[in-house]
Amino acid sequence: MALVNTKKMFKMAYKNGYAIGAFNVNNMEITQGIISAVAEKKAPVILQISRGARKYASMSYLRAIIDVAVRENPDIPICMHLDHGDTVELCKQCVDDGFTSVMIDASHNPFAENIKVTKQVVDYAHKYNVTVEAELGQLGGIEEDVVGVSHDDVSKHLTDPDQVVEFYEKTGCDSLAVACGTSHGAFKFKSEPKLAFDVLQAVADKLPGYPLVMHGSSSVLKEFVDLINKYGGKMPNAMGVPEAAISKAAKMAVCKVNIDTDLRMAMTAKIRQVFAEKPSEFDPRNYLGPARDAIKAMVSHKLDVLGCTGKAGECL
Ligand code: G3H
Ligand code: 13P
Ligand code: ZN
């Protein structure tokens, strides 16, 4: 069985200067698209499930889909991760459900409370060999089930490098999501995209060898914005993190890069295209199939951006 926690993945990613892709899964087609890309490219992968995904698809369906992916790909290290767990109870539930990694996102609380909540999750998860990602500083972008700061406030809530050692020592968390200017969704910047690499480096200097996580790392590629808009969508001024910045972070201490929006856009663009070009189409396999291929192509491309193509073997 290749269902693993993040320990070995992050150790190798840190050592060899790449990052593991953490892709959000919500249904069978998305999971299959991701898995066929990582299987072909022999890359380790983190499949992450948000509270929204649990609500949408139900945990038992998602679990069964991932079980098949794991069974059919024994050579690929696959981590099943809770994305943005917002309560200790949800994190504990996910540990009990067989997740190999959980995120406790308590960063909207005051520092001491963030430590207290995170430590409760770490104490529980570590008993079951489940790794824990925590967050310090606040990410931007507000989605249905994810609390974030407004896009205008992103730069005011960056991670404070002076807090990271105390946070790590008091919680024992296995990785840390840092706020360095990214935000969730397709509208990340109003003008030139900029990440706070100085913050990333300062955090890395305080915790040498320690894996950092970058959320909100979709690049919102122009090609897909244009396709969506061409086929009847409306995403004016959509903008993401340039891929060169993602590759740079992956070579630094960032060992996990979260990508959801780029998959959503690939899928949406393809479905819109099929509907526009074949208005008579009504067999879901004939639009979900191409959408699944589009997810595969997007993930395959991202694996190269992250530098994790061919790294499955060393992470097992
Ligand atoms: O970080 C948030 C992810 O994009 C998941 O979003 O809560 O809509 O599933 P969701
Ligand atoms: P994007 O919205 O940039 O894809 O970020 C996803 C994410 O951070 C999930 O936790
Ligand atoms: Zn996130």
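Positive-end ranking of Asn16, Ile46, Gln138 along the dipole of the chain, with charges on Cβ about the Cα centre, is headed by Asn16. For the chain, the 222 nm mean residue ellipticity estimated from helices alone, with every DSSP H stretch of n ≥ 4 adding -39500 (n - 2.57) and the total spread over all residues, rounds to -14500 deg cm²/dmol.
Round to a whole angstrom and tell me the spacing of the C-alpha centers of the range 1-44 and the range 229-295. Each part's Cα centre sits 18 Å from the other's. Taken over the alpha carbons of the range 36-148 as equal point scatterers, the Debye sum produces base-10 log I(q)/I(0) values at 0.12, 0.23 Å⁻¹ of -0.45, -1.27. A quarter of the convex hull surface defined by the alpha-carbon atoms of the range 173-226 gives 4.6 nm² as the mean projection.
Note on the chain: Cα-Cα pairs beyond 33 Å make up 19% of the total pair count. Pairs from the list Lys11/Lys194; Lys222/Lys302; Lys15/Lys188 with a Cα-Cα gap above 18 Å: Lys11/Lys194; Lys15/Lys188. Gain on full extension, evaluated as 0.36 nm per residue between Asp198 and Thr87 minus their Cα-Cα distance, stands at 36.9 nm.
Treating the angle as unsigned and between 0 and 90°, give the value, to the nearest 10°, between the Cα long axis of helix 285-306 and the longest Cα principal axis of the chain. Once rounded, the angle reads 40 degrees. A simple spin-label model places the labels of Lys116 and Ala297 5.1 nm from each other, with each point 7 Å out along Cα-to-Cβ.
Here each label is just a point 7 Å from Cα along the line to Cβ, and for Asn109 and Arg285 those points are 4.9 nm apart. Each Lys and Arg contributes +1 and each Asp and Glu -1, all at the Cβ; summed about the Cα centre of the chain, the dipole is approximately 600 debye. Only beta bridges with both residues in the chain are counted; by DSSP, about 5 percent of them are antiparallel.
Here, each number is a calculation from the coordinates, and none is a lab measurement. Keep in mind it's a predicted model, so treat the numbers as computed, not measured. All Cβ positions, glycine included, derive from the backbone under ideal geometry; neighbour counts span all protein chains shown.
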